[in-house]
Structure formats: structure tokens, C-alpha cells
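**Student:** Sharing a structure, written as C-alpha cells. Questions coming.
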Amino acid sequence: MSSILDYGNNKDKCQKYTPSSLVKTMLDLADYKSNLIGKTVLENSFGTGNILKEIVTRYINSAIAEGFDNDAISAGLSQDIYGIELDTDLYKNCLKDLNEIVNSYSIPSVNWNIFNDNALTHNINICFDYVIGNPPYISYKEMDSESRISLKQEFDSCSFGKFDYCYAFIELGIKYLNKNGKLVQ
């Protein structure tokens with residue numbers, strides 16, 4: 001699939017960022033508040049990373065409250081937090097911001113599972129306790145024909161009618177959930 005960002009005004013349309021108040025509401029709805037060590041979470045189109053940054057901050061504060069040391073917190077962040085972003089500049093900036101957050105807590109370097117890739121084609125072989133995000137909303141008429149064809153072939157939710165791009169993200173989010181996982185998108 002070609003990059004959906006390269007077609008029309010989609011880059012601007014995809015890059016609407018989730019405000020802090022909505023991020024907090026989304027995470028509260030998922031009950032992503034405490035006892036977070038060992039709970040896996042994915043944001044599959046993180047943009048500037050507003051959601052990921054709050055996830056990491058909550059994770060660290062939860063781990064500190066539970067008495068984990070900084071090495072254990074670093075290891076937990078390396079294992080439990082996942083993100084995917086197509087735009088290279090946004091990916092790099094988010095990674096920098098995440099590193100600044102962990103540095104502010106004096107946590108050792110984290111081996112992030114944060115990927116600069118297309119979330120709809122990136123293969124992750126685990127299931128998550130949480131999939132939380134604000135997927136890109138692009139209408140059928142705003143997609144190039146190659147993207148339409150690919151989405152119709154790969155996603156049941158896009159197999160008929162004039163679907164929105166976000167349908168594929170929601171379907172994929174559901175696929176990535178474990179048995180008791182929670183989706184907020």
C-alpha cells in the first residue's frame with residue numbers, strides 16, 4: 001500500500017493531535033490508572049505521542065507507587081509499551097520526548113518497542129491488555145485507489161461500501177486485544 005499520507009491533504013488530516021484532556025479521559029475509560037507493570041499497551045498511530053507520553057508517565061508513577069526500582073521500570077517500559085507511527089518526523093520527536101520523560105525520573109535507557117512503520121502492515125505477534133489511540137479519519141473519497149483496493153482486500157470492515165480509513169485501525173485494534181483486553185479509540 002502506498003503511503004496514505006502522500007495523497008491529497010491527508011497528511012494534514014491524519015495529523016490532528018489528541019488534546020491532553022481527551023487523552024486523560026481515554027485512559028481513564030480504559031481504567032489505565034494503577035498496577036500497570038506487566039500490562040501491555042499499544043497505540044497504533046501515535047502522531048506526536050500525546051497518548052503514549054501520558055501512558056508512559058502513568059506507567060512510571062504506578063510502578064513507583066508499587067515500589068519498583070528504576071531498573072525494573074526501564075525493563076517494564078521496554079516490554080509493555082508499544083507504538084507505531086508512519087510519519088518519520090513525528091516518530092523521532094515522540095521518541096525524543098519519551099526519552100526525556102524517563103530521564104526526568106532518572107530511569108535507565110529504555111529499549112522502546114516504538115516503530116516507524118505503517119500500523120496496518122506492521123506485524124506484531126503479541127496480544128495486548130490495552131489498545132488505545134486516535135486513529136486517522138480519512139473518508140473513502142480522500143483515499144487513493146491503491147489504498148482503497150488494499151484495505152478492501154486486507155480488512156473485513158473495509159470489504160464493502162465506502163469505508164473510512166479508521167475502520168481498519170479499529171479492526172486491527174480488536175485483533176490485537178487479548179481475551180480481557182480493552183480498546184479505546
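The values are calculated or read from the model by the stated rules, or taken from the named source; none is laboratory data. Everything numeric here is computed off the predicted structure, so don't read it as measured data. Cβ atoms come from the backbone with ideal geometry, glycine included; neighbour counts cover every protein chain shown. Calculation scope for accessible area: heavy atoms of the full protein, side chains included, ligands and nucleic acids excluded. Shrake-Rupley method; radii C 1.70, N 1.55, O 1.52, S 1.80 Å.
**Student:** Would you mind checking which residues have amide H under 5 Å from LYS182's amide H? H placed 1.01 Å from N; only 5 or more apart, or other chain.
**Tutor:** TYR130, VAL131
**Student:** Ordered by residue, what ³J(HN,Hα) values in Hz, to whole numbers, does region 135-146 give under the Karplus form 6.51 cos²θ - 1.76 cosθ + 1.60, where θ = phi - 60° and Gly and Pro are x?
**Tutor:** Computed from phi, the couplings for region 135-146 are x, x, 9, 10, 6, 3, 5, 8, 9, 6, 4, 4 Hz.
**Student:** Follow-up. Say R0 is 41 Å: what FRET efficiency, to the nearest 0.05, do GLN79 and ASP144 get from their beta-carbon distance?
**Tutor:** 0.65
**Student:** If you put +1 on each Lys and Arg Cβ and -1 on each Asp and Glu Cβ, how big is the dipole of the chain around its Cα centre, in Debye rounded to 20?
**Tutor:** Here the chain has a charge dipole of around 380 debye.
**Student:** Expressed as a whole percentage, what fraction of the accessible surface of the chain belongs to carbon and sulfur atoms when a 1.4 Å probe is rolled over the protein heavy atoms?
**Tutor:** Numbers: 4270 of 9070 Å².
Result for the chain: 47 percent of the exposed heavy-atom area is carbon or sulfur.
**Student:** If each DSSP helix of 4+ residues adds -39,500 (n - 2.57) and the sum is divided by the residues in the chain, what number results at 222 nm, nearest 500 deg cm²/dmol?
**Tutor:** Computed mean residue ellipticity for the chain: -13000 deg cm²/dmol.
**Student:** Sticking with this structure for a sec: Using the heavy atoms of the protein chains alone and a 1.4 angstrom probe, what is the accessible area of region 66-150 per residue in square angstrom?
**Tutor:** On a per-residue basis, 47 Å².
**Student:** With only alpha-carbon atoms in the gyration tensor, what are the semi-axes of the equivalent ellipsoid for region 88-148, in Å, largest first? Write out the running numbers ahead of the final one.
**Tutor:** Values: eigenvalues 177, 45, 25 Å².
In descending order the semi-axes read 30, 15, 11 Å.
**Student:** Here is a follow-up. What does the charge dipole of region 67-140 about its Cα centre add up to, to the nearest 20 debye, if the Cβ of each Lys and Arg holds +1 and the Cβ of each Asp and Glu holds -1?
**Tutor:** Here region 67-140 has a charge dipole of around 100 debye.
**Student:** Which residue, HIS122, PRO19, TYR105, has the largest displacement toward the positive end of the dipole of the chain when charges sit on each Cβ (Lys, Arg +1; Asp, Glu -1)?
**Tutor:** The residue sitting most towards the positive pole is PRO19.
**Student:** Right, something else. How large is the translational diffusion coefficient of region 138-184 in µm² per second when you combine the Kirkwood radius over alpha carbon pairs with Stokes-Einstein at 10 °C and 1.306 mPa s?
**Tutor:** On the way: Rh = 11.2 Å.
Rounded, D is 141 µm²/s.
**Student:** Working only with C-alpha atoms, what are the Rg and Dmax values of region 80-185, expressed in angstrom?
**Tutor:** Gyration radius and largest Cα-Cα distance of region 80-185: 15.8, 51 Å.
**Student:** Relative to the Cα centre, what is the charge dipole magnitude of region 119-185, using +1 at the beta carbon of each Lys and Arg, -1 at the beta carbon of each Asp and Glu, and rounding to the nearest 20 debye?
**Tutor:** 160 debye
**Student:** Over all directions, what mean area does the Cα convex hull of region 32-124 project, stated in square nanometres?
**Tutor:** If I average the Cα hull's projected area over directions, I get 5.3 nm².
**Student:** Using only alpha carbon positions, build the gyration tensor of the chain, then give the equivalent ellipsoid semi-axes as the square roots of 5 times its eigenvalues, largest first, whole angstrom. Before the final figure, lay out the partial values.
**Tutor:** Values: eigenvalues 181, 57, 37 Å².
After diagonalising the Cα gyration tensor, the semi-axes are 30, 17, 14 Å.
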